[in-house]
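Shown next, in structure tokens, is the structure this report addresses.
The values are calculated or read from the model by the stated rules, or taken from the named source; none is laboratory data. Keep in mind that what you see is a predicted model, and the values were worked out from it rather than measured. Quick reminder, even Gly has a Cβ in these numbers, built from the backbone with ideal geometry, and neighbours come from all protein chains shown. Calculation scope for accessible area: heavy atoms of the full protein, side chains included, ligands and nucleic acids excluded. Shrake-Rupley method; radii C 1.70, N 1.55, O 1.52, S 1.80 Å.
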Amino acid sequence: MTPNKLGSILVAAGRITEEQLARAASINENTGRMLGEVLLELGYVTADDIARALATQVGVPFKELGEDFRMEKEDVKLIPESVARRFCVIPIRDRNAASLTLVMKDPLDLHAVDTVRSLTSLEVIKAVSSEPRIRAIIDRYYREEAHIERNLRDIVDAEVDQIVRDVEDGSVNPDQLRVLANDAPVVRFVNLLLMQAVRDRASDIHFEPHEKDVTIRLRIDGVLREVTPPPKALYPGIVTRIKILSSMDIAERRLPLDGRFKFSVHDRIIDIRVSSLPVVHGEKLVLRVLDRAALLVDMRDVGFEGPMLERLREILRIPHGIILLTGPTGSGKTTTLYSALNYLKSPEVNIQTVEDPVEYLIPGINQMAIKPQIGLDFSNALRAILRQDPDIIMIGEMRDAETASIAMRAALTGHLVLSTLHTNDSPSAFWRLRDIGIEPFLIAATIKLVISQRLVRLVCEACRTVTQPSPEMLKAAELVDRMAGTWTFVKGGGCVKCARTGYRGRRGIFEFMEVSDPIREMILNGTGTVQLRQKAVELGMESLLTNGLSLVRRGLTTVDEVLSVAPQDEMG
């Protein structure tokens, strides 16, 4: 394999430009590192792009290993987990044939092929996929936790009943709680529940105590789902176990507390942020699950595509100004900012973030968490950052006039600033900034782009069926696009993969409002939000609702899902 040929394939496929290839090739020659590794680090391509190009270069098929891929039990048994992990391969048996397809990260690894051939006595046909995809499949199917739900149901321990009675009457001390937290059933339950949360792609785990029982819910694709709860007898031990892991005060049960910890699942580091809240029947816990492997660091994976993606890249290359992401909590704003930073990162630029807190660590970016308890808030952190010679600054949120004012003056003095703001749509961002005390001339002079964002659930690929929406939903769609009656609508029938919900996975929908000269003039004149929206639409802005319904037209989601998250002002 020659690096130049790999680069040429990527250029021909439109994944990189000649200039990007030349830059990567120069680093490749000076450092001796693989060209694909350099391109990935520069953020020019994804791991899938490299794998597709490698498949073309070597002349073997590329294997899609998306969310809908399923590995049969018989295939899992073909080779041991140690072999699958060592060579980063997965076998797929060709039914009624004396051969198997070996999906590999490196199709030239003859040792891997020979090992699998000797273990299975089958002819090996090679295929290629990216390393992250293959390892995700190995994590999903090669593990002891395959029957987590059954194991959770089997955990019962009556011996803790007396300690629980002591907790309830207040006679237990922290040492007894510590003993209970280290009890085998408690440790096992917590471990299995964390593994289940990672397996099911949960973003949060909710522990909710009631008078006689406990409810545990996982937030998956934005919706809470109940899972097998523990016996009430185990709950004090579970809470204490989590508080010990999080370095929280196990003796304090009257005040809200915060903490965090990490754990590893098959070489994946999972960060857990913990919040406790005293309620009537004990302590309610919420665990935020931060899976670094699940972070979408490519803007295409977030949901940007076509002309919108190209225009976003052009605006990100502007050396100064402000780009704002708006939307409610949980709408994916921070993930979009991370994907933009991943695109921008380079050895030639200094990127600095200030966040509350730092959720994901991205190599090549300097990240800082605020600490209000010692006086390090956004405004103080931002002042310090400006003395660190930054080129690009990411501010987790513009919460007050002081932070926004410093950010805007930074943009005026040659910095690119990315941040978030809590508003319902893009035009409202300008009035929100005025509301916190920012002068119109500063807003007009610095802001280049405002993106309003929501997340919609995607129809499950495994149980997708054609359907006809209700008359009300169809009418709502036709108010936005009069051709909606000609679309083919789909829904999920409900299956094991999507937990009978009909949805699996999410992606963003966007309202992309550029601050052009006409918009800038309206901002200076104090024009209202309605008029700003009308002008932006005249200039080509696609609303959240329109952008969401384009996914309905393509069969990716449903009308009611879009209507549940997108503002519907334009429907009249």
> Taking amide hydrogens as modeled 1.01 Å from N in the peptide plane, which residues meet the under 5 Å criterion relative to GLY505, leaving out close sequence neighbours?
Replying inline: LEU458
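Rounded, prolate or oblate for the stretch 453-511? Axes are the square roots of the Cα gyration tensor eigenvalues, ordered a ≥ b ≥ c, and the cut-off for rounded is a/c under 1.5.
In terms of gyration-tensor shape, oblate.
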> Suppose R0 equals 56 Å; then what is the FRET efficiency for HIS111 and CYS495 from their Cβ-Cβ distance, rounded to the nearest 0.05?
Replying inline: 0.90
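What FRET efficiency do you get for ILE244 and ARG140 if R0 is 35 Å and r is their Cβ-Cβ distance, rounded to the nearest 0.05?
On the way: r = 29 Å, r/R0 = 0.84.
That gives a FRET efficiency of 0.75.
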> Can you list the HN-Hα couplings for the stretch 497-509, worked out from phi with the Karplus curve (6.51, -1.76, 1.60; θ = phi - 60°), rounded to whole Hz and with x for Gly and Pro?
Replying inline: 5, 9, 6, 6, 8, x, 10, 8, x, 9, 8, x, 10
> For the stretch 445-453, what does the Karplus curve 6.51 cos²θ - 1.76 cosθ + 1.60, with θ = phi - 60°, yield as ³J(HN,Hα) per residue in whole Hz, taken in order and with x for Gly and Pro?
Replying inline: 7, 10, 7, 9, 7, 10, 10, 8, 9
> Per residue, how many Å² of accessible area does the stretch 391-515 show with a 1.4 Å probe?
Replying inline: 41 Å²
> For GLN352, what charge total do you get from the other residues with a beta carbon under 11 Å from its beta carbon, if Lys and Arg give +1 and Asp and Glu give -1?
Replying inline: -2
> Expressed as a whole percentage, what fraction of the accessible surface of the chain belongs to carbon and sulfur atoms when a 1.4 Å probe is rolled over the protein heavy atoms?
Replying inline: 50 percent
> What is the set of long-range amide H partners of PHE489 at a cut-off below 5 Å, with H atoms built 1.01 Å from backbone N?
Replying inline: THR467
> Taking every DSSP beta bridge that has both residues in the chain, what percent is antiparallel when rounded to the nearest 5?
Replying inline: 65 percent
>> Which three extents, in angstrom, do the Cα atoms of the chain have along their principal axes, listed largest first?
In response: 72, 67, 59
> Each label point is 7 Å from the Cα along the Cα-to-Cβ direction; what then is the distance between the points at GLU81 and LYS262, in nm?
Replying inline: 2.2 nm
> Once amide H atoms are built 1.01 Å from N in the peptide plane, which residues 5 or more positions from THR326, or in another chain, come under 5 Å H to H?
Replying inline: LEU421, ILE451, SER452, GLN453
>> At 0.36 nm per residue, and after removing the present C-alpha to C-alpha distance, how many nm does the segment from THR329 to LEU412 gain when stretched out fully?
In response: 27.0 nm
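Per-residue counts of other Cβ atoms within 10 Å, averaged by peptide: what ranking do you get for 444-450, 20-26, highest first?
On the way: 444-450: 20.6, 20-26: 17.3.
For the peptides 444-450, 20-26, the packing ranking is 444-450, 20-26.
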> Pulled fully out, how much extra length does the chain show between LEU376 and VAL279, if you take 0.36 nm times their separation in residues and subtract their Cα-Cα distance?
Replying inline: 31.9 nm
> Cα gyration tensor of the stretch 372-433, axes a ≥ b ≥ c as square roots of the eigenvalues: rounded (a/c below 1.5), prolate (a/b > b/c) or oblate?
Replying inline: oblate
> For the stretch 326-453, what does the alpha-carbon gyration tensor say about shape, rounded, prolate or oblate, given a ≥ b ≥ c as the root eigenvalues, a/c under 1.5 as rounded, and a/b over b/c as prolate?
Replying inline: rounded
>> Which lysines, if any, have their Cα less than 28 Å from the Cα of LYS77, not counting same-chain residues under 8 positions apart?
In response: LYS63, LYS105, LYS126, LYS497
> FRET efficiency for ALA12 and ALA369, Cβ-Cβ distance as r, R0 = 45 Å, nearest 0.05?
Replying inline: 0.55
>> Give the residue list of GluC sites (Glu not before Pro) in the stretch 339-410 that are DSSP loop and have at most 13 other beta-carbon atoms within 10 angstrom.
In response: GLU348
>> If the rule is a partner Cβ under 4.7 Å, which cysteines in the chain fail it?
In response: CYS88
> With each run of n ≥ 4 DSSP H residues scored as -39500 (n - 2.57), what mean residue ellipticity at 222 nm is computed for the chain after dividing by its residue count and rounding to the nearest 500 deg cm²/dmol?
Replying inline: -12000 deg cm²/dmol
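Which net charge results for the neighbourhood of THR326, defined as the other residues with beta-carbon distances under 9 angstrom from its beta-carbon, given Lys and Arg at +1 and Asp and Glu at -1?
Spelling it out: positives minus negatives among the neighbours equals 0.
Multiply the residue gap between LEU224 and THR486 by 0.36 nm, knock off their C-alpha separation, and tell me the result in nm, one decimal place.
90.9 nm
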> Which ³J(HN,Hα) values, rounded to whole Hz and listed in residue order, are derived for the stretch 350-361 from phi using the Karplus coefficients 6.51, -1.76 and 1.60 in 6.51 cos²θ - 1.76 cosθ + 1.60 with θ = phi - 60°, glycine and proline given as x?
Replying inline: 9, 9, 10, 10, 9, 9, 9, x, 6, 8, 10, 8
